[in-house]
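What follows is a short report on a single structure.
The values are calculated or read from the model by the stated rules, or taken from the named source; none is laboratory data. Note that the structure is predicted; figures quoted are calculated from it, not measured. Note that we place each Cβ from the backbone using ideal geometry, even for glycine, and neighbour counts take in every protein chain shown. Ligands, DNA and RNA are excluded from the accessible area calculation, which covers all protein heavy atoms including side chains. Shrake-Rupley method; radii C 1.70, N 1.55, O 1.52, S 1.80 Å.
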Amino acid sequence: MTVDENVAQISNVLLYGAMSAYLFSFIAYAADLAEGGQVIKAREARRTAATATAATAGGGGTTTLEKPVTARRRRAAAVGTSLFTVATLLHLGAVVSRGVSVHRVPWGNMFEFALTGTLIVALGYLVAVGRAHRAGLGGGRDARYLGTFVTGPILATLGIALRSFYVQAAQLVPALDSYWLIIHVFVAILATALSTLGFSATVLQLVQEKRDRVKAAGNRAGGVFMDALPGSVELERTAFRLNAVAFVMWTFTLIAGAVWAQVAWNRYWNWDSKEVWTFVIWVVYATYLHARATRGWNGRRAAWLSVLGFACMLFNYLVVNIFFPGLHSYAGV
């Protein structure tokens, strides 16, 4: 089939529109974090002043009670989420129109993989925000604290993809023209997207743990905006759940890839660089999950294993695909 160049151009326009909306969403989310940090800082200052006043009075006088804490109206977060939703819709349009232009699923090269993968991350974040909002009616935590740390990587990935991996819309190479592309690669995209969210939560966990140690030593921790985020324990639980689901999908990716290899090359395993690194990633995440679940590893030790797993995933995507493609020569760059 021929490529519809007009629809392909529409996809590019929608993508640029999505990136613009993501940028303004990132700014709004960053403003919300800064505001939240200042609010918490002012609240702690009032609490300290009230405690000092009570101590000075020696308990003999009337102590002015601090006003009950009420949830702040997060206008900047609301704006950020609205812009993020618009960006995701434009992003979805870009992915769909890219697929329509080539009459196939839009994940046949590195650019399309990045385009679809970041869309899955965006949709996953919106689902998390929606679920947290419903739970929040009963006192649950607002998930919009992740907005800055989701929007930033999405923007960076799309920027790198456009700058370094962009290829014109084209038909698949023969080796990829199989129904296994729909199954194997799409599940790999889902696993990568969930691992990205898990990595973001892990990085925040490590930062929060460091700040906790600084505070425990009696020093003042920097990064006031981090006070608006959950504690390290909650972040660790979030990262673990995301990585656990991603691991199941990555296991399926590994198995489905072996089946596809048998169909395409008459061998389940060819010691191809892509196959080897897919297995390496699986081993690292399996070690992380096993260590945390059975060996009692938590906190920093488990977090660094998670970071190592995501680093292997980035190496697989950015280095292996380009410099060591082997039988998987479909990078398109």
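Applying a threshold of 7 Å to beta carbon distances and a minimum spacing of six or more residues, or different chains, the list of pairs starting in the stretch 110-132 at a residue that is surrounded by 20 or more Cβ atoms within 10 Å (Cβ to Cβ) and ending at one that is among the aromatic types (Phe, Trp, Tyr) reads MET110/PHE165; PHE111/PHE165; PHE111/TYR166; PHE113/TRP107; ALA114/PHE165; THR116/TRP107. Could you please let me know if TRP269 is touching an Asp or Glu at 6+ places or on another chain (Cβ under 7 Å), open to solvent by 20 Å² or more (accessible area, probe 1.4 Å) and among the hydrophobic types (A, V, I, L, M, F, W, C)? Yes, satisfied.
When the stretch 228-253 is limited to residues that are more than 27 Å from GLY296 (Cβ to Cβ) and open to solvent by less than 40 Å² (accessible area, probe 1.4 Å), the one that is modelled with the highest pLDDT turns out to be THR253. The single residue among LEU172, LEU181, LEU176 that is open to solvent by less than 20 Å² (accessible area, probe 1.4 Å) and at pLDDT below 80 turns out to be LEU176.
Could you check, for the stretch 257-276, whether at least one of its residues is touching a Pro at 6+ places or on another chain (Cβ under 8 Å), modelled with pLDDT under 90 and of a type in the set (S, T, N, Q)?
Yes, that holds for at least one residue.
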